[in-house]
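Comments concern the structure below.
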Amino acid sequence: MKLRDVSRARLAGITPGVVLGLALALFACGGGGDRNVIKVGEFASLTGNTATFGQSSHKGSVLAFEEVNQAGGLLGKKVELESEDDQSKPEEARTAVLKLIRQDGAVAILGEVASSRSLAAAPEAQRAHVPMVSPASTNPQVTQVGDYIFRACFIDPVQGGTMARFAYQDLGVRRAAVLVDVKNDYSVGLADFFVKTFQQLGGQVVARESYSEGDIEFRAQLTKIRETDPQAIFVPGYYTEVGLIAQQARELGITVPLLGGDGWDSPVTLQIGKDAVNGAYFSNHYAADDPSERVQGFITKFRQRWEGETPDAMAVLGYDAARMLADAIQRAGSTDPQKIRDALAATKDFPGVSGNITMDAERNARKPVVILKIEDGKVHFVKALEP
Amino acid sequence: MEAFFQQLVNGIAWGGIYALIALGYTMVYGVLKLINFAHGEVYMMGAMSGYYSARWLGLSERPGAASLLAALGIAMAFCAALGAAIERVAYRPLRRAPRLAPLITAIGVSLFFQNAGQLVFGADPKVAPQLLETREVLRFGEVGVTNLQLVILGVASALCVALTFVVQRTRVGRAMRAVAFDRETAALMGVPIDRVIAFTFALGSALAAAAGILVSLSNPKVDPLMGLMPGLKAFVAAVLGGIGSLPGAMLGGVLMGIAETLVAGYLSSTYRDAIAFVILIVILVLRPAGLLGHAAKEKV
Amino acid sequence: MPAERRLPRGLHAVALLLALFAFDRAVALLHNPYFSQVLVLVAVNVILAVSLNLILGFTGQFSLGHAGFFGIGMYVAAAISVHAGGPILAFLHEVLHLPLPAGRTLFFLLLLGAGGAAAAATGVVVGLPSLRLQGDYLAIATLGFGEIIRIVILNIEAVGGARGLSVVSSIPAYDVRYEGLFAVYTVAVASILLVARLVYSTRGRAYLAVRDDEIAVESLGTSPTRVKTEAFVVGAALAGVAGVLFSQSQGYVHTNSFTFLRSVEAVAFVVLGGMGSITGSILAASALTVAPELLRSVADYRMVAYSLVMIGMMLLRPEGLFGTRELTLGGLRRLLGRRTRVAGTTP
């Protein structure tokens, strides 16, 4: 092997040249704007470790805009949904939003499911004054980024607090254990506010154990929880894990009810959990057994569009966020981002699948929290609680 | 005290899963001196093929030993072919290349299956068919043991014995040992190197498939990224027991399962994932040959 | 470039800085933050690639934990900025009466130093036990350390755990983020020059010697472990510096930004560009950062393509595009003149 001595100056001279060349190629790719369509951007985790949630919300949004276009579009124009994948990475989310705003000229942005990626991207939407609607980011900080950031879901304090009140007041639970997905900000957020509210009410949190997304073995944590003899276990995780957790809990002879949040809302919970999830309660945006046309119609349409797939909570929220945005553009009577923002902020009693949505002063969706119970392999409505 | 025994049972059962995956790992490594990074993905493909074959053949409607054996057979045959194909495409051309090269293709193969899997199968988790009813078969006070836990441990031990027989007592096993000991000399003695290595890969991959099916019995969730962590941890288990040693893989797997369970049960569940790598580093520094391995001459 | 070579040394640096400044201004004129974002990620990836090349390409040590050091730099910078940034800037400005830009530059340098030092210190802790291992064992051990770093950060409540951490100042008047391509690219160029200087020096030959024949090195009375650790620690420190730039430019840090996959990406840059070629790493990292942006319409397939490129490269050209050779202007001129050889081939 022969080594050549390289002039450092030459080496350095090459770098900017190469970078500049690549950069020019990138810049040349900027798309032009079509005047007859309204461009809405969407960023979602279509690949990567949380792809299943991003794909769900994406399917909901796609369905929503297809409906809008079938009904004649908005302001006499078709809506074009430009979707970008962020590979479940925060920096990619930021890049995607910048691209949607700058290259595609999106008038508004939908996204993201995960609060971490919404937090990474929201400052850019805010800086560019383009309204952004997150379907499912529950961390309160997301909309605190600025007055252009909205969400179509509850925030952690609302959902966690409601479940704590339900457990304490309706189920009479005084000793609760918490099993949290430590790699997931949604799960950690719900757990924190559940614990806070539950303790304020006078309850005792006897154990706080954790797992990581993708785990399949929870017996060690559950055995530890069993020792503390709780009256209920709060598992604010996603449907990808809760079924297995329920099964293993029953196997270990834990019979107390499991409690959860909207992350449970998916057929997968029942398919994996089977009998083990019977008797469990979870909070959600709507009840699938709600006979109203709004809910049943949505479920039917979703199944038709996506090969018989049953919508989960992410799909519902993706759909509602898109419909809410379409409604705001219609009311704004313009595609001017600032007018869309004002119209979004004025959203009142918007009839979403996930309930009647009203934007509060913090740009969070206010809607009742629905408590559901799983019995005989079916999900039943228990009660609706105002936040 | 009952809690401790329950944790021990949890740990041993969980370790059985690592042991199953580690058996295939250790065999391939023993012969080729190559970490087959894609072993975890073959395990995933095993579980996937079990899922699809059970769906297409309607096996889940008739749970029982026959259905389980059918699913096992299909998955093992499919993965044996897959493993041999991976070896042919990604590793064989690099047998004379520097050692980093096949390691990098191994990572490439692993990434390929994870991402192509997400495209082909979808990212959403699938519910593995219940081919065997879960029952509690043993109970001491509050400590319960299920039939699935026993099946996993039983199959792992049986495979360990069967493999030891293959490696120690058969012609092809002797060829495998010869290749592992000194590839050049074995070739000179007329051992068909390529065929022996392909066979080793097929066998190792069939074991991974068996692990995939058995794991999805007790933990019925199948998704394209399921192989990554178990694959890495099973490798640690193989190193702990002594890489290349079949009883070592068994022992290493069970010890890993116990260690993870005890860390989660008595220290903090947040550090459960870290313990495997701590064990790896400690064992490599203190006793690189592993618990049951022979001190290698040129390794490490 | 004979003309340039005659310039006095100091002028080189001045000319380089002026060029970087002009680059920064030129990009700023475009008013396109998307463009700037991609350029920042290019620079960050280039530093990651070049620093890993020092470990993997030049010294031959397979590290799969490079993202861990990147994460340390990222989180150290973010934590200092959030928890102490405002007061430090206020102190520099109000007590020491430094002008605000000077104070902010000083603070940025402090972050670079802290992030780099923390990553280097971790590099020592990781390197000392693991560098006794070889090949695949080393790969898995470093992978393990990378994961351990991630798990530990996930469990530190002061930096947000799973929620991540937004880099905002506790005192709004004092912005803790130091953005701009000038800063990022100056640091990137400095890192490249550092590595180039290191490997193409007499001392640097020890790295190559360790890669090619460890026993020979030992028999010459040089400790391979010491050489390996040195390369490993320098590489780790630079990865930490890349992390600082990342956290300052993104304004938000999260553990999902330095998963095992980022380590693999860094390996792909080095492998593709050529193990032992600095310019190769620069080119590969730039191309693999920009190409996915150009190919967004087929984004679903990019990781599949990535993996196939890794496999194909190893099978067809295991030494990478450039092998151990560097692309130079002279080489380029020869190539254009003769058109007979591949870029950078030894004449």
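So here's what we get for this one:
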{"read-out": "Straight-distance crosslink candidates among lysines, where the alpha carbon sits under 26 Å from A:K89 and sequence neighbours closer than 8 are dropped", "value": "A:K39, A:K59, A:K99, A:K183, B:K126, B:K221, B:K233"}
{"read-out": "Net lengthening on full extension, C:F91/C:T202 (0.36 nm per residue, minus Cα-Cα)", "value": "35.6 nm"}
{"read-out": "Average other protein chain Cβ within 10 Å of Cβ, residues C:131-139", "value": "6"}
{"read-out": "Peptides ranked, highest mean first, by Cβ atoms within 10 Å: ranges C:25-36, B:280-291", "value": "B:280-291, C:25-36"}
{"read-out": "Relative contact order, percent, segment C:193-324 [alpha-carbon distance under 8 Å, six or more residues apart]", "value": "20"}
{"read-out": "Rounded tilt (10° steps) of A:239-251 against the dominant C-alpha axis of chain A", "value": "20"}
{"read-out": "Shielding by other protein chains, A:114-121, mean Cβ within 10 Å", "value": "5"}
{"read-out": "Spatial separation of Cα centroids for segment C:19-49 and segment A:275-314, in angstrom", "value": "46"}
{"read-out": "Amide H partners (placed H, <5 Å) of A:V178, local residues excluded", "value": "A:A207, A:R208, A:E209, A:F234"}
{"read-out": "Spacing of the two label points (7 Å from each Cα toward its C-beta) at B:F165 and B:L57, in nm", "value": "2.3"}
{"read-out": "Cα gyration tensor shape for segment B:115-174, rounded if a/c is under 1.5, else prolate or oblate", "value": "oblate"}
{"read-out": "Cβ-based exposure ranking for C:V124, C:V176, A:V107, in which fewest neighbours within 10 Å come first", "value": "C:V124, A:V107, C:V176"}
{"read-out": "Distance between segment A:64-93 and segment A:216-263 - C-alpha centres, whole angstrom", "value": "38"}
{"read-out": "Normalised convex hull volume, segment A:278-333, alpha-carbon set, Å³ per residue", "value": "108"}
{"read-out": "Estimated FRET transfer efficiency when R0 is 56 angstrom, pair B:L138-C:A158 (beta carbons, to 0.05)", "value": "0.75"}
{"read-out": "Residues with amide H under 5 Å from that of A:I38, placed H, sequence gap 5 or more", "value": "A:K78, A:V79, A:E80"}
{"read-out": "Extension reserve of the A:D349-A:K373 stretch, reckoned as 0.36 nm per residue once the Cα distance is removed", "value": "6.0 nm"}
{"read-out": "FRET E, pair A:T228, C:L11, Förster distance 56 Å, beta-carbon r, rounded to 0.05", "value": "0.20"}
{"read-out": "Under the Karplus curve 6.51 cos²θ - 1.76 cosθ + 1.60, θ = phi - 60°, whole-Hz ³J(HN,Hα) for segment B:25-42, x wherever Gly or Pro sits", "value": "4, 5, 5, 4, 5, x, 7, 9, 6, 9, 6, 7, 3, 7, 4, x, 6, 5"}
{"read-out": "Cβ-Cβ FRET estimate between A:R174 and A:T255, R0 fixed at 22 Å, reported to 0.05", "value": "0.85"}
{"read-out": "Shielding by partners - mean other protein chain Cβ count within 10 Å, residues of B:276-283", "value": "5"}
{"read-out": "Amide H contacts of A:V173 (H built 1.01 Å from N, under 5 Å, at least 5 apart or other chain)", "value": "A:Y168"}
{"read-out": "³J(HN,Hα), Karplus 6.51/-1.76/1.60, whole Hz, each residue of segment A:60-77, x for Gly, Pro", "value": "x, 5, 4, 4, 4, 6, 4, 5, 4, 5, 5, 7, x, x, 10, 6, x, 10"}
{"read-out": "Mean Cβ count within 10 Å, highest first, over the residues of peptides B:27-39, B:107-119", "value": "B:27-39, B:107-119"}
{"read-out": "Only Lys, Arg (+1) and Asp, Glu (-1) charged, at Cβ; chain B dipole about Cα centre in debye", "value": "1000"}
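A short reminder: the numbers here are calculations on the coordinates, not readings from a lab. Just so it is clear, the model here is predicted, and its values are computed rather than measured. Using ideal geometry, Cβ is built from the backbone for each residue, glycine included, and neighbour counts are taken over all protein chains shown.
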